[in-house]
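**Student:** Pasting a structure below so you can have a look.
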Amino acid sequence: MIMVTAKITAKSGEKENIIAKAQDLIISSRLDPGCISYNLYTSTEDENVLLMLEQWENFELLQSHMQTEHFKVFGTATEDILADEMDISVYSAAIKN
């Protein structure tokens, strides 16, 4: 299993706009082959920070997801309202069943 964290820092006043733009991405991504979970969380410590937390069956399916139209549309739609580039980390499960 692959886990992805994407820290999203919105420009001041743009957090709700990013959440709205993420709705299609979340709904569509959950239907992508290999998606186990795909959720967006808001920080309880910083009003401008969001965290996208994703789980994928394997790295190849994650790569396929990153080529989808909904993934690309979200990136384009939010590029001007982010305070910083997204901080993305990818992890692989250490223990396999």
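**Student:** Going residue by residue through the stretch 61-77, is there one that turns out to be open to solvent by 30 Å² or more (accessible area, probe 1.4 Å), in contact with a strand residue (DSSP E or B) (Cβ under 9 Å, 6 or more places away or on another chain), at negative phi and not polar (S, T, N, Q)?
**Tutor:** Yes.
**Student:** Here is a follow-up. Quick one: count up the residues across the stretch 1-15 that are hydroxyl-bearing (Ser, Thr, Tyr) and surrounded by 18 or more Cβ atoms within 10 Å (Cβ to Cβ).
**Tutor:** Within the stretch 1-15, the first condition is being hydroxyl-bearing (Ser, Thr, Tyr), and the residues that meet it are 5, 9, 12.
Keeping just the survivors that are surrounded by 18 or more Cβ atoms within 10 Å (Cβ to Cβ) gives 9.
Within the stretch 1-15, residues that are hydroxyl-bearing (Ser, Thr, Tyr) and surrounded by 18 or more Cβ atoms within 10 Å (Cβ to Cβ) number 1.
**Student:** Based on what the data block shows, is Leu51 within 19 Å of Ile2 (Cβ to Cβ), free of Cβ contacts under 8 Å to residues at least 40 places away in the same chain and surrounded by 12 or more Cβ atoms within 10 Å (Cβ to Cβ)?
**Tutor:** No.
**Student:** Something else: Report, by residue number, each residue of the stretch 21-43 that is under 19 Å from Glu79 (Cβ atoms), in contact with a strand residue (DSSP E or B) (Cβ under 6 Å, 6 or more places away or on another chain) and open to solvent by less than 20 Å² (accessible area, probe 1.4 Å).
**Tutor:** Residues satisfying the conditions are Ala22, Ile26, Ser29.
**Student:** For a quick check of your reading of the model, give me the residue pairs whose first member lies in the stretch 75-97 and is closer than 16 Å to Lys7 by Cβ, whose second is at pLDDT 95 or above and of a type in the set (Ser, Thr, Tyr), with beta-carbon atoms closer than 6 Å and at least 6 apart or on different chains.
**Tutor:** Hits for this filter: Ala83/Thr9; Asp84/Thr9; Ser89/Thr5.
**Student:** Sticking with this structure for a sec: Quick one: Ile18 ticks every box in (1) open to solvent by 100 Å² or more (accessible area, probe 1.4 Å); (2) in contact with a Ser or Thr (Cβ under 6 Å, 6 or more places away or on another chain) except a single one, so which number is it?
**Tutor:** Only one criterion is unmet by Ile18, namely (1).
The values are calculated or read from the model by the stated rules, or taken from the named source; none is laboratory data. Since the structure is predicted, the reported quantities are computational estimates derived from the model, not experimental observations. Because the Cβ atoms are built from the backbone with ideal geometry, glycine has one as well, and the counts that use them run over all protein chains shown. Heads up: the accessible areas ignore ligands, DNA and RNA and are worked out on the full protein's heavy atoms, side chains in. Shrake-Rupley method; radii C 1.70, N 1.55, O 1.52, S 1.80 Å.
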